[in-house]
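Visitor: Take this structure, written in structure tokens, and hold onto it; I'll ask about it next.
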Amino acid sequence: MFTAFLIKYAEIGVKGKNRYIFEEALVRQIEFALSKIDGQFKTRRTQGRIYIDAVSAFDFDETVTALQKVFGISGICPVVYVEDEGFEKLGKDVINFIDNVYPDKHKTFKVCTRRARKNYPKSSMEVNADLGGVILDAFPDMKVDVHNPDVELNVEIREKIYIYSEVIPGPGGMPVGTGGKAMLLLSGGIDSPVAGYMISKRGVTLEAVYFHAPPYTSERAKQKVVDLAKYVSEYSGPLKLHVINFTDIQLYIYEKCPHDELTIIMRRYMMRIAEMIAKENDCLGLVTGESIGQVASQTMQALMATNEVCTLPVYRPLIAFDKQDIVDISEKINTYETSILPFEDCCTIFVAKHPVTKPNVNVIRQHEQNVFDKIDEMIETALQTREIIEVK
Amino acid sequence: MEVYLDNSATTKAYPEVVSLVADIMTNDYGNASSMHLKGVDAEKYLKYSKATIAGIMKVKEKEIFFTSGGTESDNWALMGAAFANHRSGKHLITTKIEHPAILRTMEHLKELGFDITYLSVNQYGQISLEELRNAIRPDTILVSIMFVNNEVGAIQPIDEAGEIIKQTNPRTLFHVDAVQGFGKLRLLPKKWKIDMVSVSGHKIHGPKGTGFLYIDEKVKIKPIIYGGGQQNGYRSGTENVPGVAGLGKATELIYRNMVEDTHRLYCLKKKLVSGLLKIDHVKINGPQDETGAPHIVSASIAGIRSEVMLHSLEDKGVYVSAGSACSSHKHTVSDTLSAMGLSTEYMDSTIRFSLSVFTTEEEIEYTLKCLYELVPMLRRYTRR
């Protein structure tokens, strides 16, 4: 029955003279999302609105699901187009629409008419009142409520007449591509994909880096990270995943530094390497899934110790989230099932039984000097030998 | 160099099997139950495979039923026999070291009200016949014992077990899961008083998704899969003609030179075991002599987690399997290794090498060379 969608967007509306940049980005993202599903669509931007017209048969649910992954969309309204064949015909079409969409008629409603075509014989107010009358006659159970109706029936009179009432919530946020680029540190756990999703929601394009430690971490662990990146890319768009072979660096630190500081020093080097790749790829910041106090390496002291090696801002969207809240989002974006697959990741393989929880930055800096001999060379090799996977 | 030593997981198919399967899928693709010529042609392959298998096992052709593999055969033998004979008793006996296809099915039967006894094993993974004799009761309807253990290669004394079972309770049925033994060792159900035998095709260089259950004609059993009544109504579902033909061909080929092949495998195994024992703190699990299967060597290399060893060997082109899957997130302890009383330290560092007729001496030498290189390196880095 529906042949089109009206796309509502929230924050873009207030963007002043830059507004077109955001709208164009949104249209681009919508078209990209629709290119991956069955059916042919045409997207058009008119008078501050985005319409998606279906020009072939399409699956309603599949289309809505795809649109719900496009950041920037605040609402998706399924629209019916009818020809203007006089007011009497319009009344019949409206009755038909309500009958189809609302099987239960115990509802309050109001009619909202907009005329883009000003030569229509009735004024907007007249159409509101007259259609209201037609609906009340047809469905005695329905009642008018102009302040807080259950059903807001929108009628737009253009070259054709558009009828819509439902607003399916979109994901919100800003269109991807309007916010610069950031480098996500992806581990394979629950948190980092969620962090990527959240930053991407603000319009930021992503690249990702994963630290692989063969033979201590398996090929399956790497595949798991690729799979997670794929889920994130459904929202963020295609992304480049840099896979760094971290084994030698990790073993070197393991040999040279106190064992209880291994994780912290290792993470400092991960941040350094991530920043190098980030700068090389024009990223404006790093993104991690850290949350205060979640594990030993994410206490305030530990975060300070890992943060100080970076010059780029480090965005930590989950910093004040409880684990359950993070899990809830990961379930929503379908990463949870993959995240909990039991493969060892590079952070856990050599972890001490009792790692330091309140590292002293000065002590860490001092112990880190033990690896200065060869570490730069090793980092260089790791960067040279990295594998880049295009995830889409 | 690529060395595939995970043949207990699955094997590479014989080239003859591949060409036969492809030929049937291309040309003789009929449904064996169809009445026209295409059906008749297809049925010939089923008959030929049945005759081949029955001939080698010295049983009747009508006692061979084709299935989708070892797991289905095991499920069918246990559930089919339990459901058909529950009025005679509700007691079943098995061992602690069976494949999950047996152990999980037994757990399911327990939920349905059956009583299960699990026989223990010694440090070599072998059951005690005395314990078996004492476990059999008047209401024991089935005993299920594996031929060769998949994790450590221990051979169970099934030839003697059959005699003991029938002496103690002639009504008790005897099932053998021979998935790991078939094709490596002679198996004579009639002589050894075995009523049912499960076999899988892909462990003997045949196609995956194929297998059979031998059922002695005197056994009372119910189907577990219902449908169009194929295979005398015992196992419905369109016959997997190319798969069955491939299974028959693989059976024929693996038994053709079995005596020589087995002897050669024992020599390779001996070489591998003695080579492994040259490394410090290595423990071989299961029998090292001919009371163990010719193709399985389970070794615990203390101080190196199995997953790490596996991936390090993989890096050198050597494919083995981890004796017991283990990671910091999830502990799944091996039923077999814990039944054999192996300590956790060794359990976490167990890997399994499994050989096949395609394995060469050169491959074993290469594998040992890799281990001599890797073990000292990996032992430097252990979780402190």
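Visitor: Taking the stretch B:256-284 on its own, how many of its residues are touching a strand residue (DSSP E or B) at 6+ places or on another chain (Cβ under 9 Å), touching a residue at least 40 places away in the same chain (Cβ under 8 Å) and either hydrophobic (A, V, I, L, M, F, W, C) or outside the structural domain of B:Val375 (by TED's automatic domain parsing) (or both)?
Guide: Adding up the residues that qualify gives 4.
Visitor: Quick one: in the stretch A:200-218, of everything that is part of a loop (DSSP other than H, G, I, E, B) and aliphatic (A, V, I, L, M), which residue is nearest to B:Val308 (Cα to Cα)?
Guide: Checked the stretch A:200-218; the qualifying residue nearest to B:Val308 (Cα to Cα) is A:Ala213.
Visitor: Within the stretch A:205-222, can one find any residue that is within 16 Å of A:Ile333 (Cβ to Cβ), of a type in the set (Lys, Arg) and either touching a Phe, Trp or Tyr at 6+ places or on another chain (Cβ under 7 Å) or at pLDDT below 95 (or both)?
Guide: No, the stretch A:205-222 contains no residue that is within 16 Å of A:Ile333 (Cβ to Cβ), of a type in the set (Lys, Arg) and either touching a Phe, Trp or Tyr at 6+ places or on another chain (Cβ under 7 Å) or at pLDDT below 95 (or both).
Visitor: Tell me whether the stretch B:14-36 contains one or more residues that are buried (at least 21 other Cβ atoms within 10 Å of the Cβ), closer than 14 Å to B:Gly246 by Cα and among the hydroxyl-bearing types (Ser, Thr, Tyr).
Guide: No - not one qualifying residue is present in the stretch B:14-36.
Residues are listed down the side, and each one gets a yes or a no for (1) in a helix (DSSP H, G or I); (2) surrounded by fewer than 21 Cβ atoms within 10 Å (Cβ to Cβ); (3) in contact with a Lys or Arg (Cβ under 9 Å, 6 or more places away or on another chain):
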| residue | (1), (2), (3) |
| --- | --- |
| A:Pro171 | no, yes, yes |
| A:Val176 | no, no, yes |
| A:Gly188 | no, no, yes |
| A:Met198 | yes, no, no |
| A:Arg220 | yes, yes, no |
| A:Val232 | yes, no, no |
| A:Glu255 | yes, yes, yes |
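Visitor: Answer yes or no: is there a residue in the stretch A:322-335 that is over 17 Å from A:His259 (Cα atoms), in contact with a Leu (Cβ under 8 Å, 6 or more places away or on another chain) and surrounded by 14 or more Cβ atoms within 10 Å (Cβ to Cβ).
Guide: Yes - at least one qualifying residue is present in the stretch A:322-335.
Visitor: For B:Leu276, are the conditions met, namely being out of contact with any helix residue (DSSP H, G or I) (no Cβ under 6 Å at 6 or more places or on another chain), crowded, with 17+ Cβ neighbours inside 10 Å and farther than 20 Å from B:Leu185 by Cα?
Guide: When the stated conditions are applied, B:Leu276 passes them.
Visitor: Next question, about the same structure. Return the residues of the stretch A:251-282 that are away from chain B (no Cβ under 14 Å) and of a type in the set (Lys, Arg); say none if nothing qualifies.
Guide: Of everything in the stretch A:251-282, those that are away from chain B (no Cβ under 14 Å) and of a type in the set (Lys, Arg) turn out to be A:Arg267, A:Arg268, A:Arg272, A:Lys279.
Visitor: Going by the conditions given, is A:Tyr210 among the aromatic types (Phe, Trp, Tyr), within 18 Å of A:Arg386 (Cβ to Cβ) and more than 14 Å from chain B (Cβ to nearest Cβ)?
Guide: yes
Visitor: Any residue in the stretch B:90-103 that is free of Cβ contacts under 8 Å to residues at least 40 places away in the same chain sitting within a Cβ distance under 6 Å of a residue that is not small (Gly, Ala, Ser)? List the pairs, counting only those 6 or more apart or interchain.
Guide: Close Cβ pairs satisfying both conditions: none exist.
Visitor: Identify all residues within the stretch B:1-47 that are under 30 Å from B:Leu310 (Cα atoms) and of a type in the set (S, T, N, Q); write none if there are none.
Guide: B:Asn7, B:Ser8, B:Thr10, B:Thr11
Visitor: Contact list please: Cβ distance under 8 Å, first residue in the stretch A:224-239 and within 16 Å of A:Met183 (Cα to Cα), second residue of a type in the set (Val, Ile, Thr) and assigned to a helix (DSSP H, G or I), pairs at least six apart or on different chains.
Guide: Here the result reads A:Leu228/A:Thr338; A:Leu239/A:Val232, each pair linking the stretch A:224-239 to a residue that is of a type in the set (Val, Ile, Thr) and assigned to a helix (DSSP H, G or I).
The values are calculated or read from the model by the stated rules, or taken from the named source; none is laboratory data. From a predicted model like this one, the values you see are computed outputs, not experimental measurements. Cβ atoms come from the backbone with ideal geometry, glycine included; neighbour counts cover every protein chain shown.
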